[in-house]
1. On the basis of being touching a Lys or Arg at 6+ places or on another chain (Cβ under 8 Å) and either under 26 Å from Lys261 (Cα atoms) or assigned to a loop (DSSP other than H, G, I, E, B) (or both), does Gln118 make the cut?
2. Give the residues of region 269-293 that are under 23 Å from the mean Cα position of the chain (by Cα) and either surrounded by fewer than 19 Cβ atoms within 10 Å (Cβ to Cβ) or at positive phi (or both), sorted by residue number.
3. Starting from residues that are surrounded by fewer than 17 Cβ atoms within 10 Å (Cβ to Cβ) and without any contact (Cβ under 8 Å) to a residue 40 or more places away in the chain, keep the ones in region 132-150 and report whichever is farthest from the ligand (Cβ to nearest atom).
4. Evaluate the following for Phe303: is it within 16 Å of the ligand (Cβ to nearest atom), at pLDDT 95 or above and either part of a helix (DSSP H, G or I) or over 23 Å from Tyr69 (Cα atoms) (or both)?
5. Please find, among Arg74, Arg24, Arg109, the residue that is surrounded by fewer than 15 Cβ atoms within 10 Å (Cβ to Cβ) and assigned to a helix (DSSP H, G or I).
6. Exactly one of (1) part of a helix (DSSP H, G or I); (2) of a type in the set (A, V, I, L, M); (3) surrounded by 19 or more Cβ atoms within 10 Å (Cβ to Cβ); (4) under 23 Å from the mean Cα position of the chain (by Cα) is unmet by Ala50. Its number?
7. Restricted to region 115-131, and to residues that are touching a strand residue (DSSP E or B) at 6+ places or on another chain (Cβ under 7 Å) and more than 15 Å from the ligand (Cβ to nearest atom), which residue is farthest from Lys160 (Cα to Cα)?
8. For Leu34, work out the one condition from (1) more than 27 Å from Phe259 (Cβ to Cβ); (2) of a type outside the set (Val, Ile, Thr); (3) away from the ligand (no atom under 16 Å from the Cβ) it doesn't fulfil.
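The values are calculated or read from the model by the stated rules, or taken from the named source; none is laboratory data. Keep in mind that what you see is a predicted model, and the values were worked out from it rather than measured. Neighbour counts run over all protein chains shown; Cβ positions are idealised from the backbone, glycine included.
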Amino acid sequence: MDNVFDEIIERGNTDSLKYDFAVRRGKPADVLPLWVADMDFRAPACVQDALAARARHGIFGYSDSREDYYFVLREWFKRRHGWAIKEDWLVKSPGVVFALYNLIQALTRAGEAVIIQQPVYYPFADAVNDTGRVLTVNRLVYKNGEYSIDFDDFEDKISKNRVRLFIACNPHNPVGRVWRREELDLLGRICLKHGVIVISDEVHQDFIYAGNRHLVFADINPEFPDNTVTCTAPSKTFNLAGLKASNIFIANKTLRDKFRKQLTSTGYGEPNVMGLTACKAACREGDVWLDNLLAYLAENIAFVREFVRERLPGVSMVEPEGTYLIWLDFNALGLGARELDEIILSRAKLWLDAGTMFGAGGEGFQRINIACPRAILREAFARLQRTLAEKGIAGKIL
Ligand SMILES: Cc1ncc(COP(=O)(O)O)c(C=O)c1O
């Protein structure tokens, strides 16, 4: 085996949401899971070693981060994203989704409007709806296989609905866009003009492919830090989602205090010590591992691009600029949303995320997680090809 990422690691019987819950969640037992956003790769050795050493210590009392945690993060963001953080901006949370639910409650009142850009990571809409806020959607524009923003509609929806908060997905899950400076700047300036606070969910910020660069929303305009909350985590980057550690940065003290107060009201106090330990080790020593991972993922994307082009007529891949989630367009096959889901799940035996889960504009799409050994990806696409051929679907393109 020439590449560590080629190793197929048995994940069954590890309490894995991806691998151990198919039947409980109403899926066939023999389904191949490429849905939830975690990777089929081991975390870097530096993380495994740090966790093993901490486990061997044997005492797991209440814990919190010290200065060294901040120093490691400061260097990480400077090195990887050219972003200078300050220690007092940091608020830790057990997850980005947990932070989103609590930020919405801290920064808006029930009945106020929050804007998101669908199709987008579905917990955004859930968090707005579940907290009794009003969901406002600025639909992304899909044209010639590419996504862009309708800024007029964004501003119009903000003023008509008196929107208070914007949740940006930067880079964007599931459409794979790494937003450009002009796009972020215009969004941010519209928000400032209308008194809309920005939450920038940047959990995918380390998955950026050649020709693209991640820009921290808060950092692109001197007026933005005061109006922006930046959500980050080592969980996607280093495959640590089960360790429940995320780092939220808020430069504006008033906003930060509101968020802290809201967190306290949930009963959440100190972070998980294993999450802290893993985050510190990963951000201190994980660069080379991450760079190798990115190279492997780029090859996985190249594999999908070619497979789709050569062997899946009627299906197209939206070219990802970032993230390890690929957005596949099946619309040319002319299937209904339910029929498409059924074919993917019950005939191809693939557990993907149906496009409709991501809201407006998701019809006819499926999201596939390509952060797995290439052999798994090959098997998944072979199943897809066989199924479409069996049904004679691929031959009947509209
Ligand atoms: C945009 C986005 N935000 C947040 C999360 C989840 O973050 P956490 O596990 O820290 O709640 C995901 C996971 O897929 C995601 O895609």
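1. yes
2. Of everything in region 269-293, those that are under 23 Å from the mean Cα position of the chain (by Cα) and either surrounded by fewer than 19 Cβ atoms within 10 Å (Cβ to Cβ) or at positive phi (or both) turn out to be Asn272, Arg284, Glu285, Asp287, Val288, Leu290, Asp291, Asn292.
3. Only one residue fits best here, namely Asn144.
4. No: the conditions fail for Phe303.
5. That would be Arg24, the only listed residue that is surrounded by fewer than 15 Cβ atoms within 10 Å (Cβ to Cβ) and assigned to a helix (DSSP H, G or I).
6. Going through the list (1) part of a helix (DSSP H, G or I); (2) of a type in the set (A, V, I, L, M); (3) surrounded by 19 or more Cβ atoms within 10 Å (Cβ to Cβ); (4) under 23 Å from the mean Cα position of the chain (by Cα), Ala50 breaks only (4).
7. So the residue we want is Asn129.
8. Exception for Leu34: condition (3).
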